[in-house]
Amino acid sequence: MEIKRFFAEQIDGDNIVLGGEEFYHCVKVTRHKVGFTIIVCMGDGWDYYAKIESIEKDRLTAKVFRKEQNKSEIEGSLILLQAVCKELDFIVQKAVEMGVTDIVPFYSTNTSVTGVKQDRLQKIVLEAAKQCGRARLPKVYEPLAFDKAIELSRTAENRLLCYEHCNRKSLKSAVQKNTKSLALFIGSEGGFTELEIAFAREKNLKVVSLGKRILRAETAAIAALTLSLSALGEL
Ligand code: SAH
């Protein structure tokens, strides 16, 4: 049987305590028993192999017997800045699977959806990270205004904004090969306004194309991440 992965808050020497939702998942959903082996992640890039030693009402303890560097994380950082849209949950799940390190939802002029359920997004991130074998939980920011999202992206070396009316530069050609940090902006189903595009250019973002057809936001996000990972040599 495949060894299941769980995220814990802390490790004390060789001892791991699993509580809350992760305890519930481990004991009630996947029905782990004393003596079973689990992989525990602490968000530090390591996989801790541990044997369950005791199960109580709301927590379990496990003892680490091996520690391995997790190999599923990408090098450097890949930040997805995504306009809030109907398919945000789906996009967050796919982005985690694709290996993003940070997700920044933002509001733009043509965003029709309001109110992002932060708890729900965190849960989606946790489930997706476990399912795809990651050892780190990507950070999900509280939604920001577009200009604040641009400001936040300033830490990235390579910043690209996908725009369907840009036929000059392909995303693939705009990814710097050895960049340590790449930020990708994707719009909502309403897209970016011309003013927003002008503002982004003023702030030195590269405006890029994903091809000749207009993609839905969720398709654009997956396509942009795939092309970026390929250009970075991560695929
Ligand atoms: N409102 C627009 C479409 C928006 S598509 C319209 O109906 O005309 C949603 C987002 O996906 C866009 O804001 C953009 O970031 C991205 N996108 C879709 N197709 C694209 C393409 N061909 N090139 C670059 N980005 C694209």
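Checking each residue in region 134-166 for being surrounded by 16 or more Cβ atoms within 10 Å (Cβ to Cβ) and either farther than 30 Å from residue 212 by Cβ or in contact with a Cys (Cβ under 9 Å, 6 or more places away or on another chain) (or both) picks out 134, 135, 136, 137, 138, 140, 141, 143, 144, 152.
Is it the case, given these coordinates, that residue 221 is more than 13 Å from the ligand (Cβ to nearest atom) and surrounded by 14 or more Cβ atoms within 10 Å (Cβ to Cβ)? Spelling it out, it is not the case that residue 221 is more than 13 Å from the ligand (Cβ to nearest atom) and surrounded by 14 or more Cβ atoms within 10 Å (Cβ to Cβ). The listed residues are 227, 215, 184, 195, and the only one of them that is within 14 Å of the ligand (Cβ to nearest atom), surrounded by 19 or more Cβ atoms within 10 Å (Cβ to Cβ), of a type in the set (A, V, I, L, M, F, W, C) and not in a strand (DSSP E or B) turns out to be 227.
Report yes if some residue within region 150-167 is assigned to a loop (DSSP other than H, G, I, E, B), closer than 30 Å to residue 72 by Cβ and not acidic (Asp, Glu); otherwise report no.
Going residue by residue through region 150-167, those that are assigned to a loop (DSSP other than H, G, I, E, B) are 156-157, 163-167.
From the residues that got through so far, the ones that are closer than 30 Å to residue 72 by Cβ too are 156-157.
Keeping just the survivors that are not acidic (Asp, Glu) gives 156.
There is at least one residue in region 150-167 that is assigned to a loop (DSSP other than H, G, I, E, B), closer than 30 Å to residue 72 by Cβ and not acidic (Asp, Glu).
Residue 177 meets the conditions (1) at pLDDT 95 or above; (2) more than 7 Å from the ligand (Cβ to nearest atom) in every case but one. The failed one is (1).
Just to verify a result, which residue in region 198-212, among those that are more than 9 Å from the ligand (Cβ to nearest atom) and not in a loop (DSSP other than H, G, I, E, B), is surrounded by the most Cβ atoms within 10 Å (Cβ to Cβ)? Let's see the steps before the verdict.
Within region 198-212, the first condition is being more than 9 Å from the ligand (Cβ to nearest atom), and the residues that meet it are 198-206.
Cutting the leftovers down to not in a loop (DSSP other than H, G, I, E, B) gives us 198-202, 206.
Working: 198: 12, 199: 15, 200: 22, 201: 13, 202: 9, 206: 17.
By that ranking, first place goes to 200.
Restricted to strands (runs of 3 or more DSSP E) entirely inside region 6-90, those with at least 1 residues that are within 24 Å of residue 104 (Cβ to Cβ) and in contact (Cβ under 8 Å) with a residue 12 or more places away in the chain are 37-41, 77-83.
The values are calculated or read from the model by the stated rules, or taken from the named source; none is laboratory data. No experiment lies behind these values; they were computed from the predicted model shown. A quick note on method: Cβ atoms are made from the backbone with ideal geometry, for glycine too, and the neighbour counts reach across all protein chains shown.
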